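Asks: Sharing a structure below in structure tokens format, with a few things to ask.
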Amino acid sequence: MTPPTTDGPPAPTTSREEAWVAHAALIDAATAATDDDRPYHRSIESIERGAALDDEGIALLRDALVDYLGDAPVRDRAPGRALLRRTDDAVDAQSSHA
């Protein structure tokens with residue numbers, strides 16, 4: 001995989017396992033959403049294409065991971081925590097630039 005850069009949004013995942021966890025977390029969040037779920041679908045499509053998420057997508061993924069990891073299957077926990085740490089860092093970086 002290509003190493004992450006610091007001049008744009010982070011790549012959503014770095015492994016197939018993380019992509020799977022991101023996808024599962026976003027699907028769960030979209031299913032539970034009572035309001036407009038289009039932002040979730042845009043993020044899911046980005047994950048499926050391997051495209052970088054925009055700021056909103058990163059924040060949605062972070063929140064989805066927080067909810068998902070509480071009851072995630074054991075196989076999803078380690079890659080999910082690694083992905084959550086990176087999304088936390090990305091959200092924190094967004095906040096400091098705002």
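The values are calculated or read from the model by the stated rules, or taken from the named source; none is laboratory data. Treat the numbers as computed from the prediction; the structure is a model and nothing was measured. When the accessible area is computed, the model is the full protein with side chains, heavy atoms only, and any ligands, DNA or RNA have been set aside. Shrake-Rupley method; radii C 1.70, N 1.55, O 1.52, S 1.80 Å.
Asks: 222 nm [θ] for the chain, helices only, -39500 (n - 2.57) per DSSP H run of 4+, per residue, to 500?
Replies: Counting only the DSSP helices, I get -23500 deg cm²/dmol.
Asks: Mind ranking Val74, Val21 by accessible surface for me, highest first, 1.4 Å probe?
Replies: If we order Val74, Val21 from most to least accessible, we get Val74, Val21.
Asks: Sticking with this one: Give me the accessible area of His41, 1.4 Å probe, in Å² rounded to the nearest 10.
Replies: 80
Asks: Tell me, what ³J(HN,Hα) does each residue in segment 54-68 have, in order and in whole Hz, if you take phi through Karplus 6.51 cos²θ - 1.76 cosθ + 1.60 with θ = phi - 60° and put x for Gly and Pro?
Replies: 7, 4, 5, x, 5, 5, 4, 4, 4, 5, 5, 5, 4, 5, 5
Asks: Determine the share of the chain's accessible area contributed by carbon and sulfur atoms, expressed in whole percent, with a 1.4 angstrom probe.
Replies: Carbon and sulfur together cover 52 percent of it.
Asks: Quote the accessible area belonging to Leu69 in square angstrom, nearest 10, computed with a 1.4 Å probe and with ligands, DNA and RNA left uncounted.
Replies: Spelled out: Leu69, probe radius 1.4 Å, area about 30 Å².
Asks: Probe of 1.4 angstrom, ligands and nucleic acids ignored: what's the accessible area per residue over segment 16-93, in square angstrom?
Replies: In whole numbers, segment 16-93 has 58 Å² accessible per residue.
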